[in-house]
Amino acid sequence: MDFDQLRTLLAVLEHGSFTRAAEALGLSQSTVSFHVKALESAVGGRLLDRGREGVRATPRGEILRDYAERLWALRQEALEQLRAEGDGERGRVVVAASTIPGEYLLPPFLERLRRSHPGVSVRVDVSESSRAIAALVADECDLALVGRRPSDRGLVARPFAEDEVVLVGPSPNPFVPSGVEVDDRLLTEVPLVLRGTGSGTRAAVADLLARVSLSLASSASVVVGSTEAAKRCVMAGLGLSFLSKVAVADELAAGRMEIVPLLGTPVTRRFWLVHRRDRSPSSAAASLIASLTGTEPK
């Protein structure tokens, strides 16, 4: 039995006639009869009785009518929910992001998503790039926004933004006179505030520090787990730090921080939008991906 046959049975019982049911459904009377016979063959017995008062359900017909009504209601509910998901009236998007994308780059795109998909809820989990990728691999989020391109072939990575990592200090700067360029020797002598292992910012400057054989772990006076913590430590006078220019734009403009010139900086880096190759995104997730990458949603 299929939905069309069940719909036909319900129409015959509602209208009390094969002819009127056929008219209501836009079918031929022979098609209506065929559907009913197919159902009776499937259940192994008569479903309808014909009499002077029209067509009535047999006891088996009554049982099947009850289930047919519930099945048809569930079908309509499923279609409505699917339509709502496609129209942006329901659903959920979970984003795992490293600090700069999650806190500084993503919010304007979420505002666009809210306008196009007003009924969709969004959760953004901000951590380090490595943790964001791990969450994606574990199927705990729909997409990840990170500062390092993953090597996992099961993931699709596309660039969506660029940034510069600069060396910054407090203003006034007790470690380096204003405007003086830091050389490799001085870099080994000043205290540093660095992001923890797994941070895209830390990975971006690893090659730069390696040129002076500077161990990130041993040289850092403070290792922190977030960009905001690094900014606070710098303004408290704990040392210099390599930070995103986007992240310190307000502090630079307000004169609370200053860029410290250093050969090899600024370090330009890309941010990557990553999703699983084997997962089809929801309508809302596809819209967010298209907005971030400047492409049309499929």
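Yes or no, residue by residue, for (1) at pLDDT 85 or above; (2) outside the structural domain of V156 (by TED's automatic domain parsing); (3) under 20 Å from A97 (Cβ atoms):
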| site | (1), (2), (3) |
| --- | --- |
| S213 | no, yes, no |
| L216 | no, yes, no |
| C233 | yes, yes, no |
| K245 | yes, yes, yes |
| A249 | yes, yes, yes |
| A254 | yes, yes, no |
| E258 | yes, yes, no |
| P261 | yes, yes, no |
| S280 | yes, no, no |
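Of the conditions (1) among the hydrophobic types (A, V, I, L, M, F, W, C); (2) in contact with a Leu (Cβ under 9 Å, 6 or more places away or on another chain); (3) outside the structural domain of G16 (by TED's automatic domain parsing), V55 fails just one. Which one is it?
It fails just one condition, (3).
Return yes when G169 is modelled with pLDDT of 90 or more, crowded, with 19+ Cβ neighbours inside 10 Å and not acidic (D, E) and no when it is not.
Spelling it out, G169 is indeed modelled with pLDDT of 90 or more, crowded, with 19+ Cβ neighbours inside 10 Å and not acidic (D, E).
Considering segment 10-19 alone, what residues qualify as being in a helix (DSSP H, G or I) and touching a Gly at 6+ places or on another chain (Cβ under 9 Å)?
L13, H15, listed by residue number.
Testing E128 on (1) surrounded by fewer than 19 Cβ atoms within 10 Å (Cβ to Cβ); (2) of a type in the set (D, E, K, R); (3) in contact with a Ser or Thr (Cβ under 8 Å, 6 or more places away or on another chain), one condition comes back false. Which one is that?
It is condition (1) that E128 fails.
Name the residue that is nearest to E69 (Cα to Cα), counting only residues in segment 1-52 that are β-branched (V, I, T) and within 49 Å of the chain's Cα centre (by Cα).
Checking each candidate, the answer is T8.
Tell me which residues, restricted to segment 274-297, are in contact with a helix residue (DSSP H, G or I) (Cβ under 7 Å, 6 or more places away or on another chain), touching a residue at least 60 places away in the same chain (Cβ under 8 Å) and in a loop (DSSP other than H, G, I, E, B).
P281, S282
Out of G26, G54, G16, I need the residue that is at positive phi and either polar (S, T, N, Q) or at pLDDT below 90 (or both). Which one?
G54
Can you list the helices (runs of 4 or more DSSP H) found entirely within segment 43-141 that contain at least 1 residues being free of Cβ contacts under 8 Å to residues at least 12 places away in the same chain and over 21 Å from A290 (Cβ atoms)?
Per the criteria, 59-86, 129-137.
Taking the options E53, E69, name whichever one is surrounded by fewer than 12 Cβ atoms within 10 Å (Cβ to Cβ) and acidic (D, E).
Only one candidate qualifies: E53.
Exactly one of these conditions fails for A135: (1) under 15 Å from the mean Cα position of the chain (by Cα); (2) under 25 Å from R269 (Cα atoms); (3) modelled with pLDDT under 90. Give me its number.
Failing condition for A135: (3).
Between residues in segment 177-200 that are under 25 Å from G225 (Cα atoms) and modelled with pLDDT of 75 or more and residues that are part of a helix (DSSP H, G or I) and among the hydrophobic types (A, V, I, L, M, F, W, C), which pairs lie under 7 Å by C-beta distance while being six or more apart or on different chains?
Close Cβ pairs (under 7 Å, with a partner that is part of a helix (DSSP H, G or I) and among the hydrophobic types (A, V, I, L, M, F, W, C)) amount to V193/A230; V193/C233; V193/V234; L194/L216; R195/A230.
Assess whether D152 counts as being without any contact (Cβ under 8 Å) to a residue 40 or more places away in the chain, assigned by TED's automatic domain parsing to the domain that holds P107, of a type in the set (D, E) and part of a loop (DSSP other than H, G, I, E, B).
yes
The values are calculated or read from the model by the stated rules, or taken from the named source; none is laboratory data. Owing to the predicted nature of the structure, the values given are computational and were not obtained by experimental measurement. Quick reminder, even Gly has a Cβ in these numbers, built from the backbone with ideal geometry, and neighbours come from all protein chains shown.
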